[in-house]
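Quick notes on the structure that follows.
The values are calculated or read from the model by the stated rules, or taken from the named source; none is laboratory data. Bear in mind that the values here come from a model prediction, so they are computed numbers and not experimental data. No Cβ is skipped: glycine too gets one built from the backbone with ideal geometry, and neighbour counts run over all protein chains shown. Side chains included, ligands, DNA and RNA excluded: accessible areas come from the protein's heavy atoms. Shrake-Rupley method; radii C 1.70, N 1.55, O 1.52, S 1.80 Å.
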Amino acid sequence: MADVVVLGAGVAGHTAALHLRRLLPKNNTVTVVTPNSQWNWIPSNIWVGVGQMGKSDVVFRLAPVYAKQGIAYVQAKAVGLHPAGIEGAADSRPAVEVESTAPDRQGESSTLHYDYLVNATGPQLKFGATEGLGPQHGHTVSVCTADHAVEAAARLAETIDRLRAGESQTLVIGMGHGTCTCEGAAFEYVFNVDHELRQAAVRDRARLIYLTNEAELGDFGVGGMTFGQNGFETTSELWTASLFREREVEAILGAHVHSVESGLVHYETLDGQDHTLAFDFAMLLPPFGGVPLWAKDRAGNDITSELFAPSGFMKVDADYSGKPYEEWKADDWPLTYMAQGYDNIWAAGIAFAPPHQISRPRRSPRGTVITPSPPRTGMPSGVQGKVAAESIAARIKQGPSARPVEASMARMGAACVASAGTGLRKGSAASMTMMPIVPDFDRFPTGRDLSDTRGEIGLAGHWTKLMLHHLFIHKAKARFGWQFIPE
């Protein structure tokens, strides 16, 4: 018998828990620790953020799903790890310290011992990295959570009302810091907003601006892509720029937002110049950090820096030597997502520390880092959660020498369907595939296999996006046949 603890119930953690329960004999326990009571299909927050879906369309309660599946559920946040156990404790196994977020036990601390651990804690939304950023204490909205998206939709509706009344409005959408990730989400939101403005017949009075840390359009934090289409090659930069021109969306590239005040964004560009941009509505995403967790050895000495990078993400089987950009390789990226020095801990999804950026690193003449961080969302997160579950199941069934399952992002492909406006007849989406996610210039001249790296935009993409919304919620609810739906 073994006890498996999963920290986090996002795409990676929830996927890991469901597969663990499916793969393991019933005498083994699976426990999910998450501060949230609801699961959120985050990709569809974009549609909530423009008022085309409600919060209830993208969330559901976790407790009933876990109860039905036989998974223990602890509504709490993890605060620290004892990966070698606690000296003098009755249970000598490793442990995780948690703090309850349940309404009736708010703040209560407890210790959970484990045989295997999956760290899938996801991101810390670092709105505080930019002064004045964010929906709580700042001057901008967000679509990072379902509640954030509901607020964004309300603010957007107010802006559209002012446009209908004859006012001119400036809407700024994009990245709120030079090291942000999730450029794809900002891309989706700006074109969904454009779509809503056109549907409301007020687009002519709206100035719509995409503010991003990307040096080129179409970078998306993966260094851009070269598409192979009908025997020809084109770049994601040209492909994306054509959409910006067609929809009359302005783009400000290579920007680091250093502060926001009411109605004003202050930012620096890659040339080292400072700029100020006035706005009436702004949706700017925050940078991500690891969820704060400390780590202690058996005697209680701090070993946080051994398990976690300065960013707060967990170190895994990757090359963190800090090589110069010219020496970066696809093989630098993790294969198994096992924590360094511990063969019973995995970090999946956003929780693992990337060895380096995928996009070319850039700084302004003043030394400001203005480069997208690597995306680790959606499809790769689900795959990583599943392979962690498969590796743990193999160890439990076959013994500790069982070989862990591998899933390098430098060997893994990904598909992204980026909404550019909703509607069964008038919607559209940019559909992109890439193979691999992390470019490998030793194997492919362009870094990726041209036969599997493509981009198209149109109504069919919207139908695909809508289908995926319903499929993945069906999967996350562990309904009939869920295990046959790909990650």
Exercise for the section: Residues being without any contact (Cβ under 8 Å) to a residue 40 or more places away in the chain and either among the charged types (D, E, K, R) or more than 18 Å from residue 44 (Cα to Cα) (or both): count how many of those fall in the range 459-484. Expected result: 5
Handout entry: So residue 205, is it out of contact with any His (no Cβ under 6 Å at 6 or more places or on another chain), open to solvent by 30 Å² or more (accessible area, probe 1.4 Å) and under 13 Å from residue 249 (Cβ atoms)
Key = no
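Out of the range 115-131, which residues are part of a loop (DSSP other than H, G, I, E, B) and open to solvent by 20 Å² or more (accessible area, probe 1.4 Å)?
115, 121, 126
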Fill in the blank from the handout: The lone condition residue 276 fails out of (1) modelled with pLDDT of 95 or more; (2) open to solvent by less than 70 Å² (accessible area, probe 1.4 Å); (3) among the β-branched types (Val, Ile, Thr) is (2)
Handout entry: Contacts under 7 angstrom Cβ, first residue in the range 171-198 being within 19 Å of residue 129 (Cα to Cα) and small (Gly, Ala, Ser), partner part of a helix (DSSP H, G or I) and open to solvent by less than 20 Å² (accessible area, probe 1.4 Å), 6 or more apart
Key = 174/186
Practice task
Report, by residue number, each residue of the range 388-403 that is more than 28 Å from the chain's Cα centre (by Cα) and under 16 Å from residue 5 (Cα atoms).
Solution key: 395, 396
Practice task
Give the range 1-29 a look and list any residue that's under 21 Å from the mean Cα position of the chain (by Cα) and more than 23 Å from residue 484 (Cα to Cα), or say none.
Solution key: 7
Handout entry: Selection from the range 416-439 of residues that are open to solvent by 10 Å² or more (accessible area, probe 1.4 Å), out of contact with any strand residue (DSSP E or B) (no Cβ under 7 Å at 6 or more places or on another chain) and under 23 Å from residue 333 (Cβ atoms)
Key = 435, 439
Completion exercise
Exception for residue 181 within (1) more than 22 Å from the chain's Cα centre (by Cα); (2) not in a helix (DSSP H, G or I) falls at (1)
Fill in the blank from the handout: Quick count over the range 132-175, residues being surrounded by fewer than 15 Cβ atoms within 10 Å (Cβ to Cβ) and part of a helix (DSSP H, G or I), is 5
Completion exercise
When (1) within 21 Å of the chain's Cα centre (by Cα); (2) of a type in the set (Ser, Thr, Tyr); (3) more than 23 Å from residue 56 (Cβ to Cβ); (4) open to solvent by 30 Å² or more (accessible area, probe 1.4 Å) are applied to residue 381, the one that fails is (4)
Completion exercise
Residues in the range 90-99 that are farther than 20 Å from residue 391 by Cβ and either more than 28 Å from the chain's Cα centre (by Cα) or buried (at least 18 other Cβ atoms within 10 Å of the Cβ) (or both) total 6
Problem - Cross-chain or 6+ apart pairs with Cβ under 7 Å, the range 376-396 first and without any contact (Cβ under 8 Å) to a residue 12 or more places away in the chain, then surrounded by fewer than 24 Cβ atoms within 10 Å (Cβ to Cβ) - result: 394/402
Completion exercise
residue 10 passes all but one of the listed conditions (1) in contact (Cβ under 8 Å) with a residue 60 or more places away in the chain; (2) over 22 Å from residue 407 (Cβ atoms); (3) of a type in the set (Gly, Ala, Ser); the exception is number (2)
Handout entry: Counted residues, the range 235-271 - those being in contact with a strand residue (DSSP E or B) (Cβ under 6 Å, 6 or more places away or on another chain) and either of a type in the set (Phe, Trp, Tyr) or without any contact (Cβ under 8 Å) to a residue 12 or more places away in the chain (or both)
Key = 4
Problem - Matching option when the condition is under 21 Å from the mean Cα position of the chain (by Cα), within 18 Å of residue 408 (Cα to Cα) and surrounded by 18 or more Cβ atoms within 10 Å (Cβ to Cβ), among 285, 335 - result: 335
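So that you can scan it fast, the table gives a plain yes or no per residue for (1) modelled with pLDDT under 95; (2) at positive phi:
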residue: 185; (1), (2): no, no
residue: 197; (1), (2): no, no
residue: 202; (1), (2): no, no
residue: 212; (1), (2): no, no
residue: 215; (1), (2): no, no
residue: 220; (1), (2): no, yes
residue: 223; (1), (2): no, yes
residue: 232; (1), (2): yes, no
residue: 236; (1), (2): yes, no
Fill in the blank from the handout: Residues in the range 346-364 that are in contact with a helix residue (DSSP H, G or I) (Cβ under 8 Å, 6 or more places away or on another chain) and open to solvent by less than 50 Å² (accessible area, probe 1.4 Å) total 8
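For a quick check of your reading: which strands (runs of 3 or more DSSP E) sit entirely within the range 56-106 and have at least 2 residues that are without any contact (Cβ under 8 Å) to a residue 60 or more places away in the chain?
In the range 56-106, the matching strands (runs of 3 or more DSSP E) lie at 72-82, 95-100.
Return a yes/no flag: does the range 312-326 have any residue that is aromatic (Phe, Trp, Tyr) and farther than 20 Å from residue 79 by Cα. It would help to see each step written out before you state the result.
First, the residues of the range 312-326 that are aromatic (Phe, Trp, Tyr): 313, 320, 325.
Checking the rest, the ones that are also farther than 20 Å from residue 79 by Cα come to 320, 325.
Within the range 312-326 (the criterion being aromatic (Phe, Trp, Tyr) and farther than 20 Å from residue 79 by Cα), the answer is yes, since at least one residue qualifies.
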Practice task
Have a look at 50, 32 and point out the one that is buried (at least 21 other Cβ atoms within 10 Å of the Cβ), more than 19 Å from the chain's Cα centre (by Cα) and assigned to a strand (DSSP E or B).
Solution key: 32
